[in-house]
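See below for the structure under consideration.
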Amino acid sequence: MKTVIIGAGIGGLAAALGLIRAGHQVEVYERGDRLRTAGNGVILWPGSTGILAELGIETEGFGRAMHRGELLSYNGSLLVWTDMKTISERYGHETLLVPRGGVVERLAAELPEGTIRFGRQCTGVRAAAGGAVASFSDGSEVHTDILIGADGYRSAVRETLHPDLGATFTGVATWHGISSVPSDLTDGNTVRTYFGSIGICAIHPVGGGLLHWAFEGPWKPSGTEAGSIEGPQLPQLRNWFSDWEPAVAGLLDTVTEDDVHVFPHALHKVPRWWGQGPMTLMGDAAHAIPPRAGMGANQALEDAWVLTQAIVAGKADPAGALRAYETARVRRVRRVSSSAGWMSRSNNMLLMLRIVRRAIPMNKLTHANIKGSSNYLNNHRAEPVVSAGAGPKD
Ligand SMILES: Cc1cc2nc3c(=O)[nH]c(=O)nc-3n(C[C@H](O)[C@H](O)[C@H](O)COP(=O)(O)OP(=O)(O)OC[C@H]3O[C@@H](n4cnc5c(N)ncnc54)[C@H](O)[C@@H]3O)c2cc1C
């Protein structure tokens with residue numbers, strides 16, 4: 001059986017690797033002419049590090065282990081903290097702080113030569129006798145038994161399957177980078193997130209003497225292309241964050257314009273059925289989630305884990321296997337998506353923390369979020385065939 005995956009991000013590569021390890025024939029089509037390794041630092045929760053271990057990805061010496069998460073007020077006063085070391089130890093899998101690109105590289109390195117076809121931009125998909133067809137901007141087409149859209153939040157596959165359910169921008173963006181800046185956090189195991197009225201600042205190490213830093217603030221799409229932001233960014237950031245505690249304000253004195261990347265936050269409505277027939281979606285193509293939730297890469301890996309097993313178990317009925325995968329994932333993804341939407345509307349988070357910090361222990365809250373969002377940690381696999389051929393609409 002042949003599976004075509006559109007997109008060589010964390011989700012598409014993890015699914016490709018899982019299927020290949022299980023003996024399937026897989027082709028990955030990526031629009032870029034090489035792996036896209038840019039982007040920020042990501043937190044890999046214990047479910048994700050467990051999934052990477054199952055895929056045979058070596059994480060020894062990769063990034064930094066996270067032992068502690070601190071939420072602080074903009075002036076540096078500690079609001080709450082989480083003991084991530086204890087939570088991770090419960091599962092026997094670390095929580096890791098790593099560069100996004102490092103995960104992409106490690107997954108790709110395990111794939112057989114030629115699995116990824118670069119420079120192939122998918123423009124649409126359709127069902128065809130005995131499978132599906134993907135079309136590309138160079139006029140070529142590929143026929144396959146199973147087609148997976150793992151092509152990110154502006155997915156061409158999603159656009160075909162759910163033309164009315166494109167991503168909406170939340171009105172917030174992150175200005176971030178990974179660089180070698182002086183900080184007491186660089187060689188540590190702590191993630192610090194500061195909250196203020198304009199937005200948030202998150203800082204954590206990602207290994208190799210590098211620090212991930214991210215400033216969130218208000219942002220509106222402008223010009224012709226949503227997501228394009230031009231001109232110098234640092235003056236605006238310095239203006240917003242100059243009266244924050246010295247560790248935050250000082251960061252902006254040490255970075256340069258070239259270090260700053262802008263990532264507008266997008267959110268999807270998550271439909272009940274993600275695909276149709278032998279086609280489905282995964283990762284950001286199925287459910288774009290703003291980075292504040294710390295879930296984009298994690299949810300893509302969770303999708304890959306469930307999807308791989310569903311396809312392997314349901315070989316005789318690919319459509320049924322894909323619906324079973326969607327059924328196993330949708331409730332957890334919707335929960336993550338709705339809390340991410342709520343968090344991004346205002347500084348709800350800060351208000352909530354002030355109210356609940358004495359009532360609900362932070363470890364309990366964090367643990368519930370991590371466990372609730374993970375199929376892997378709950379050993380929640382796809383049940384055999386649910387409703388083959390279910391339509392793409394809610
Ligand atoms: C270059 C890049 C930088 C990122 N930076 C950040 C960041 O700083 N902060 C953050 O929170 N998240 C970032 N993300 C998103 C984050 O990686 C995802 O939320 C998460 O890893 C889930 O990954 P995914 O595989 O579902 O999607 P993605 O990581 O978006 O990967 C999708 C892949 O599909 C490819 N693709 C897209 N359209 C097509 C097409 N039509 N045909 C063929 N291939 C296509 C893309 O080039 C990409 O390689 C970034 C993604 C990319 C691609």
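The modelled label-to-label distance for the pair LEU165/THR37, using points 7 Å beyond Cα in the direction of Cβ, is 3.5 nm. Per residue, the convex hull spanned by the Cα atoms of region 37-163 amounts to 183 cubic angstrom.
Computed over neighbours whose Cβ is under 13 Å from that of ARG120, the net charge equals -3, Lys and Arg +1, Asp and Glu -1. Of the GluC sites (Glu not before Pro) found in region 57-91, those in coil by DSSP whose Cβ has at most 15 other Cβ atoms within 10 Å are GLU58, GLU60.
Computed over protein heavy atoms with a 1.4 Å probe, the accessible surface of the chain works out to 41 Å² per residue. Between ARG334 and LYS2, full extension at 0.36 nm per residue minus the direct alpha carbon distance yields a gain of 116.6 nm.
Compute the acute angle (0 to 90°) between the alpha-carbon long axis of helix 318-345 and the principal axis of greatest extent of the alpha-carbon atoms of the chain; round to the nearest 10°. Helix 318-345 and the main axis of the chain meet at about 20 degrees. The smallest convex shape that holds all Cα atoms of region 226-333, its convex hull, gives 142 Å³ per residue. So who's got an amide H within less than 5 Å of the one on MET279, skipping anything under 5 residues away but keeping other chains? H placed 1.01 Å off N, in plane. The list, which skips near neighbours in sequence, is LEU147.
With respect to the chain, whose longest principal axis is taken over its alpha-carbon atoms, helix 296-313 is tilted by about 20°. With respect to the cross-link table entries LYS2/LYS220; LYS85/LYS315; LYS269/LYS315; LYS269/LYS371, which display a Cα-Cα separation exceeding 32 Å? Going by Cα-Cα distance, LYS2/LYS220; LYS85/LYS315 fall outside the 32 Å limit.
Would you calculate a helix-derived [θ] at 222 nm for the chain, using -39,500 (n - 2.57) for each DSSP H run of n ≥ 4 and dividing by the full residue count, to the nearest 500? The helix contribution divided over the chain gives -10000 deg cm²/dmol. If you look at the Cα atoms of region 80-147, you get an Rg and a Dmax of 19.8, 56 Å.
Between GLY209, GLY69, GLY231, the GNM of the chain built on Cα springs shorter than 10 angstrom shows GLY231 fluctuating the most. Kirkwood's formula applied to the C-alpha pairs of region 1-95 gives a hydrodynamic radius of 16.0 angstrom. A simple rule links phi to the HN-Hα coupling: the Karplus curve 6.51 cos²θ - 1.76 cosθ + 1.60 with θ = phi - 60°, which for region 109-116 gives 5, 8, 7, x, 3, x, 5, 8 Hz, with x for Gly and Pro.
Projecting label points 7 angstrom from Cα along Cα→Cβ for VAL262 and SER242 puts them 2.0 nm apart.
For VAL181, nonlocal amide neighbours, meaning residues 5 or more places apart or on other chains whose placed amide H falls under 5 Å from its own, are LEU211.
Evaluating 6.51 cos²θ - 1.76 cosθ + 1.60 at θ = phi - 60° for every residue in region 63-73, the Karplus couplings come out as x, 10, 6, 9, 10, 8, x, 10, 10, 10, 7 Hz, glycine and proline recorded as x. Overall, the anisotropy analysis places region 26-79 in the oblate class: the square-rooted eigenvalues a ≥ b ≥ c of its C-alpha gyration tensor yield a/c not less than 1.5, with a/b not exceeding b/c. Label region 103-219 by shape, choosing from rounded, prolate and oblate, from the square roots a ≥ b ≥ c of the eigenvalues of the Cα gyration tensor; if a/c is under 1.5 it is rounded, and otherwise prolate applies when a/b is larger than b/c, oblate when it is not. Judged from the Cα gyration tensor, region 103-219 comes out oblate (a/c at least 1.5, b/c at or above a/b).
For the chain, the carbon plus sulfur part of the accessible surface works out to 50%, probe radius 1.4 Å. Residue-normalised convex hull volume from the C-alpha trace of the chain: 133 Å³ per residue. For region 77-87, backbone phi angles converted through the Karplus equation (6.51, -1.76, 1.60; θ = phi - 60°) give residue-by-residue couplings of 7, 6, 8, 8, 9, 10, 8, 6, 4, 5, 4 Hz, Gly and Pro being listed as x. For LEU79, the residues whose modelled amide H falls within less than 5 Å of its own, excluding neighbours fewer than 5 places apart on the same chain, are LEU71, LEU72, SER73.
The values are calculated or read from the model by the stated rules, or taken from the named source; none is laboratory data. All figures in this text were calculated on a predicted structure; none of them were measured in a lab. Cβ coordinates were reconstructed from backbone atoms using ideal geometry, including for glycine residues, and neighbour counts include every protein chain displayed. We work out accessible area using only protein heavy atoms, side chains counted, and drop any ligands, DNA or RNA first. Shrake-Rupley method; radii C 1.70, N 1.55, O 1.52, S 1.80 Å.
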